[in-house]
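J.: Sending over a structure as structure tokens; questions will come in a sec.
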Amino acid sequence: MRFIRTFAVLPLVAVLAACAGQDPVTRGVPLDAAASEQATQRNYNVVAVSVDVPTTLTVSEAHSYYPNADIVWRGDAPGDRHDQVRAMVESSAAMASDGLHGTRDVQVAIKVSRFHALTEKARYSVGGVHAVKLVMGVYDAQTGEAIEEPRVIDASLKGYGGLRAIEAEREGQTQKVRLTNHMAGVIQRELRPPSDAAPSQS
């Protein structure tokens, strides 16, 4: 896997912070003409990725089906959930970038706005949805100019429950593995030309 430098880009973080207060724009909403044209011209080589998981995102360790929090994550041992989520998204972005070998060097800024995976109670009973929302912008690596303005990306994934969850664990398909691979597919799809977009994990 290619190493992707991860660094803080203050202008990009400021732009993403401003974007966070806007209404979410989910996948499937038609792009305007300029954005659509830009998407068809994508030919990216990702040289740097910045991942931000704001400390203002609330975390819950409650043993309930659906805790009221921005971050719900039980796929790692107890610890700093913000850091754990950041590490996962960084891994996903590196996997996504490794498959892009275009001619235009770019840097990608990703901000996590929601990462609500399943609790143990939900995972081993009814299952549910790993609700993941990312805000992503693409910038010229030399000038810092915005190529694609920050937009909300829905990287949610069906979460297994009951026996299916147990079987997935035995097969090595943990929540962490499935989410990391799925986010990689979603991020790469958002960086490829629409006709060349790779399908994500279901």
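The values are calculated or read from the model by the stated rules, or taken from the named source; none is laboratory data. Quick caveat: nothing in here was measured; it's all calculated off a predicted structure. No Cβ is skipped: glycine too gets one built from the backbone with ideal geometry, and neighbour counts run over all protein chains shown. Calculation scope for accessible area: heavy atoms of the full protein, side chains included, ligands and nucleic acids excluded. Shrake-Rupley method; radii C 1.70, N 1.55, O 1.52, S 1.80 Å.
J.: Which three numbers, in whole Å and largest first, are the semi-axes of the equivalent ellipsoid of the stretch 64-202 derived from its Cα gyration tensor as √(5λ)?
T.: Semi-axis lengths for the stretch 64-202 are 29, 16, 12 Å.
J.: Quick one: what are the phi-derived ³J(HN,Hα) couplings along the stretch 119-134, Karplus 6.51/-1.76/1.60 with θ = phi - 60°, whole Hz, x for glycine and proline?
T.: Ordered by residue, 3J(HN,Hα) equals 7, 4, 5, 6, 4, 9, 9, 8, x, x, 10, 7, 8, 10, 10, 10 Hz.
J.: For LYS121, what accessible surface area do you get with a 1.4 Å probe? Give it in Å², rounded to 10.
T.: 80 Å²
J.: Rank by packing, highest mean first: peptides 181-194, 92-105, with packing defined as the count of other Cβ atoms within 10 Å averaged across residues.
T.: Per-residue Cβ counts within 10 Å, averaged per peptide and sorted highest first, yield 181-194, 92-105.
J.: Give the separation of the Cα centroids, the stretch 168-193 to the stretch 124-151, in Å.
T.: 14 Å
J.: What residues of the stretch 73-87 lie in the reach of a label at GLU61, counting those whose backbone N is under 18 Å from a point 7 Å from the Cα along Cα→Cβ?
T.: 73-86
J.: Report the extension gain between THR174 and GLN142 in nm, rounded to one decimal, defined as 0.36 nm multiplied by the number of residues separating them, less their alpha carbon distance.
T.: Taking 0.36 nm per residue and subtracting the Cα distance, the gain is 7.7 nm.
J.: Which order do GLU169, GLU148 take by accessible area at a 1.4 Å probe, largest first?
T.: Sorted by accessible area, descending: GLU169, GLU148.
J.: Ignoring ligands, DNA and RNA, how do TYR160, TYR139 rank by accessible area with a 1.4 Å probe, largest first?
T.: Solvent-accessible surface, decreasing: TYR160, TYR139.
J.: Kindly write out, for the stretch 52-67 in residue order, the coupling ³J(HN,Hα) from the Karplus curve 6.51 cos²θ - 1.76 cosθ + 1.60 (θ = phi - 60°), rounded to whole Hz, with x marking Gly and Pro.
T.: For the stretch 52-67, the Karplus-derived couplings read 10, 10, x, 5, 6, 5, 7, 10, 10, 10, 5, 8, 9, 5, 9, x Hz, x marking Gly and Pro.
J.: Separate question: Run the numbers for VAL129 and HIS101: contour at 0.36 nm per residue of separation, minus the present Cα-Cα distance, in nm.
T.: Working it through step by step, the gained length comes to 6.8 nm.
J.: Which ³J(HN,Hα) values, rounded to whole Hz and listed in residue order, are derived for the stretch 140-146 from phi using the Karplus coefficients 6.51, -1.76 and 1.60 in 6.51 cos²θ - 1.76 cosθ + 1.60 with θ = phi - 60°, glycine and proline given as x?
T.: Couplings: 5, 5, 8, 9, x, 5, 5 Hz.
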